[in-house]
Every structure is written in C-alpha cells, then in structure tokens.
Amino acid sequence: MVKKLNKKQRKVMESSMESLIEDETATSQEGVPEIPPNLRRKVQAKRPFLGHVVPEKSKRKGGSTGPELQAQGKARADGLNNPSNLKILGGISRGRKLESPDVYLRPMMGKVKEAVYSTFTAFGLYDEGVATRHLDIFSGSGSVGLESLSRGATHCTFVDLSRDCCETCQRNIEWCSFGSDPEMTRVVNADAITALKSPTSVGIPEGSTYNLVTLCPPYEEIVYADLLEAVANSPCVTDDTVVLVEYPVELGSLPHVITREDGGALIGVRNRKYGRTVIAIYIVNPTGRLDDSSESRPEEFVFCKNFI
C-alpha cells in the first residue's frame, strides 16, 4: 500500500518537482545533453542464470556472455529450447511459446512485459487505425517485438548482434505466423549503437521511422550514456516516438529529461521498479497527440533516485 502524503509533504514534493523541471528546462535550452556520470561507465549487475546451465567447456562463442541454456522437461522433449518459458502474453498469438537461442539471455520478465504492454495500450499504440512501427533493439529471441505484433503493431524491426539470436528470432516470427508478409518484419544482425546512429548502413531503409523503440540490453555489456545519446539523436525516432529503456537498480536512476543535439528532448513519463529491474519510458518531443496517461511524471524519476 502506498502511504499518502500530508499537506506539508505534498508541498515539499511539489517544490522539489518545480526546481527539478526548471533545472532540466535550463539544460535543454542550452542544447547540451547532460548525462549523469553514473551512466558513463559500465555497471556491475550480476544476475543468476535461469534454466539448465550447460557446462562451461561446451559454451559457444558469440552473443551475450554467459553459459548456454537448454530446456528441460516437456519443452525439451518437444524439441523446443525455452528455458525461460518465453511466450506471447496477449493478442492474436497469445499463449504461443517461443524458442530461445543457445546463447545466454536475460529476457524481460513476464510480469514486467505485461505491465509494459498495458502502458503501451493505454498510450493508444494499439488502437484501431493506429499503424505502430516497432524497433526492437537487443531483440534476443524477439519476444518483446513479437508481443507488439500480436497486439496490433503493423511492423517490427528486430536488431541483435548475435547471429544465433537473429536466426532464432526469424524462426519465432514464422512460428507466430508473422512471416507471410515481408513488409511486416525485418531481422537485422548488427550492433545496436550502429543501427541507431546509421540505420541505412545495416540495411534499414532510408527514412524509416518508428512509433516505438524498445531497448533491453545486457546490463553489464553496454554504457548507458552511449545508448541514450544514440537513441535520442537517431534518425529512427520522430515526434511522439515512445522509447523504453530497461536497466538495473544498481545503475541508480536515468534522468527525467534527455536533451537532443537539435534542441529537442526525450521526456520521461514512467520510471518504475520491478524487483531489481527498472523500466523507464520516454516520449520524443511530445506534441500531446498520445493519450493523457502519457503525460510527464518527473516525480517517478526522483522517487527512483532517492529510494533505489
């Protein structure tokens, strides 16, 4: 249960919010992206392996670091490598189980994915007549992007550096019956930063923009400042693009406002903790076209910063 604030506490909180917004606005007007120092270094965020861990000597090279995983029980008997029990949670492919690549993955937890897509639905991204184009970076098995297609997205581009992940993603696309229309999906084997900064160099058609970008990186293998700067200034995003960033509690908190080189900004509308995972959601240069539930919420970023 959330403890209600008394009148004095609310006044202090409102004053803090006003000061924070003024500081962020001043930074934005200067046109200089201010990324906190804690985001300019790699983070130590160890997580336990899930499923059956294959002995170290049998690991394959490539992909995210860590041992291979193999499915157990009925899933393994059926020939489906799904140690994390990945499946589609909603939409036309609801309940469809997904294959996992041989390399170790740390997929988005089911309860987190359900909360995230409830938020996206509230934003109106899957309303009738809305053509949502999704860019799924660090796609892994493709579970995040496939969830979007199942709920009504018209296109998803999946990007991952691991060839094994890309091949598994393509098989999952076919398994979920999204492979018949070549315009509906695209799988790109490329580095995330390169794909964001120079999409045409990795095979993404020139002029392609997306309504939704999801970034669920391997926590210890990237520098979040580089990732945030790349997505903020990417030609793949446009006004009202929704950007999701998953990060570990060990990182601290992402900023409420991320400024762009052209003077625009990504405004934080969600920053919520699920166990040791934090999900931040931003909107690029918000125009007000999205649902009212997508309004700026700086207090969530202050809360995360103070209490993690």
### Query
What nm distance separates the two modelled labels at Val223 and Ser118, each placed 7 Å from Cα along Cα→Cβ?
3.8
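Skip the ligands, DNA and RNA, and give the accessible area per residue of the range 112-169 with a 1.4 Å probe, whole Å². Please list the in-between numbers first.
Values: 1630 Å² over 58 residues.
Using a 1.4 Å probe on heavy atoms only, each residue of the range 112-169 averages 28 Å².
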### Query
If you keep only loop residues by DSSP, which GluC sites (Glu not before Pro) in the range 247-308 have at most 16 other Cβ atoms within 10 Å of their Cβ?
Glu261, Glu295
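Taking a ≥ b ≥ c as the square roots of the eigenvalues of the Cα gyration tensor of the range 159-308, is the shape rounded (a/c under 1.5), prolate (a/b larger than b/c) or oblate? Working shown, then result.
Values: a/c = 1.74, a/b = 1.44, b/c = 1.21.
Verdict is prolate for the range 159-308.
Mind giving me the FRET efficiency for Glu299 and Asp181? R0 is 41 Å, r the Cβ-Cβ distance, nearest 0.05 is fine. Walk me through the numbers before you get to the answer.
Details: r = 42 Å, r/R0 = 1.03.
So, using R0 = 41 Å, E works out to roughly 0.45.
Please report, as a whole percent, how much of the solvent-accessible surface of the range 154-227 comes from carbon and sulfur atoms (probe radius 1.4 Å).
Summing carbon and sulfur atoms, their accessible area is 49 percent of the total for the range 154-227.
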## Note on the structure
Counting only protein heavy atoms and rolling a 1.4 Å probe, one gets per residue an accessible area for the range 197-308 in Å² of 38
### Message
Just to confirm the filter: which GluC sites (Glu not before Pro) across the range 156-212 are DSSP coil and have at most 12 other Cβ within 10 angstrom of their Cβ?
### Response
Glu183, Glu206
### Message
Calculate log10 I(q)/I(0) of the range 102-244 for q = 0.15, 0.21 Å⁻¹, where I(q) comes from the Debye formula with a single equal point scatterer on each Cα and nothing for solvent.
### Response
-0.70, -1.51
## Note on the structure
When the charge dipole of the range 205-308 is computed with +1 on Lys and Arg Cβ and -1 on Asp and Glu Cβ about the Cα centre, the Cα farthest towards its positive end, among Pro248, Leu227, Tyr210, belongs to Pro248
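The values are calculated or read from the model by the stated rules, or taken from the named source; none is laboratory data. These numbers come from a predicted model, not from an experiment. Every residue, glycine as well, gets a Cβ built from its backbone with ideal geometry; the counts of neighbours run over all protein chains shown. For the accessible areas, the whole protein counts, side chains as well, though only heavy atoms, and no ligand, DNA or RNA atoms are used. Shrake-Rupley method; radii C 1.70, N 1.55, O 1.52, S 1.80 Å.
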